[in-house]
Amino acid sequence: MKHRLAPTLLAACLSFGSILTAAPSQAQEAVVAAPDAEALFTSPDPQLNANKQVVLGIIRDLLEANHWDKADQYLTERYLQHNPNAASGRDGVVAYFMQVLKRTPSPIPEKIKAPVAFVTAEGDLVTVGFVREVKDEKDPSKSYTTTWFDTWRIKDGKADEHWDPATRD
């Protein structure tokens, strides 16, 4: 009995494996931005709300408007940076955006422009999922959406640590 089932099981496994490795017939679901990004940066919990507001300020004032002169309002002096392109410390991050990327200040927008899909806060961590459009390497005339993540650890009302999926430039 054992030997008669073996070929049948092997054939079934090979058949199932080919299904799993076959090219998908449809593209993934598109990642879409929330209609009101600012609403995602609120919480009925006062501490989570405060933490989310710090991150909203980082996105709006620092990352979008490039007002790095305000970095001390949002980032601790020791700010630990896990992105491999920028040094840790508030001064290191400011230098990266101002000297390496050559960002110049622009008016601070009333609402952020970044396409935000979601914001999650738990304890001292706030994670923002951004919609990211990427060119298809196999067909540069096409693009697809994916998600970019940034996570900040908030300590005493300022971001003290940051993670994202960046690789070295």
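Side notes on the structure shown:
- Modelled this way, with points 7 Å down the Cα-to-C-beta line, the labels at Gln99 and Arg78 are 2.3 nm from one another.
- Take the Cα of Ala34, step 7 Å toward its Cβ, do the same at Asp91, and the gap between the two points is 3.7 nm.
- Cβ-based charge dipole, segment 96-166, positive-most Cα from Pro107, Val119, Phe97: Pro107
- The gain in end-to-end length when the Lys155 to Lys70 segment is fully stretched comes to 28.9 nm, 0.36 nm per residue minus the alpha carbon separation.
- For segment 99-129, the residues whose backbone nitrogen is under 19 Å from a point 7 Å from the Cα of Ala50, taken along Cα to Cβ, are 120-127.
- Most to least packed among 152-164, 134-146 [average Cβ atoms within 10 Å]: 152-164, 134-146
- Cα centroid separation - segment 109-132 against segment 79-107, whole Å: 19 Å
Bear in mind these aren't lab numbers, they're just calculated from the coordinates by the rules spelled out. Quantities reported herein were computed from a predicted structural model and do not represent experimental measurements. Methodologically, a virtual Cβ is constructed for each residue, glycine included, from the backbone with ideal geometry; neighbour enumeration extends over all protein chains shown.
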